[in-house]
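First up is the structure itself, then whatever we jot down about it.
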Amino acid sequence: MKSRILLLCLVTVFLNDPCLSYNGFKILKFEKGSVYDQLGLKEGDIIKSFNGKPLRSQKDAMTLFDGFKNEHTIDLDLERNGKPLTLHYNIVQDK
């Protein structure tokens, strides 16, 4: 399941031009109706942090994604059309 979810969204590392430092991941494309669409993400969004933890590398993103299943709430800090935005989710665990 994990690999299928990752394949549904095309992202790229987003760099700050002046210092060429990682500053999140930009969503380039995903399928309409996919989990990303249902979560309210938009193509062009730049995901900057996950539960307050900055996404500065691909390793950061994978580590946070792996820990996703243990979370009860998730806050995604992102940039949309040049403006900051936080998306908040409450996770319901299947029993």
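A few points about this structure:
- Number of residues in the stretch 1-38 that are modelled with pLDDT of 80 or more and over 13 Å from ARG80 (Cβ atoms) equals 11.
- Candidates are the residues of the stretch 64-95 that are basic (Lys, Arg) and modelled with pLDDT under 90; the one that is farthest from ASP45 (Cα to Cα) is LYS95.
- Residues satisfying the stated conditions in the stretch 40-63, i.e. at pLDDT below 85, touching a strand residue (DSSP E or B) at 6+ places or on another chain (Cβ under 8 Å) and hydrophobic (A, V, I, L, M, F, W, C): LEU55, ALA61
- Selection over the stretch 56-72 of residues that are of a type in the set (A, V, I, L, M, F, W, C) and closer than 21 Å to ASN90 by Cβ gives a count of 3.
The values are calculated or read from the model by the stated rules, or taken from the named source; none is laboratory data. Note that the coordinates shown come from a computational prediction; the quantities given were computed from them, not determined experimentally. Counting neighbours? That spans all protein chains shown, and the Cβs are built from the backbone with ideal geometry, glycine included.
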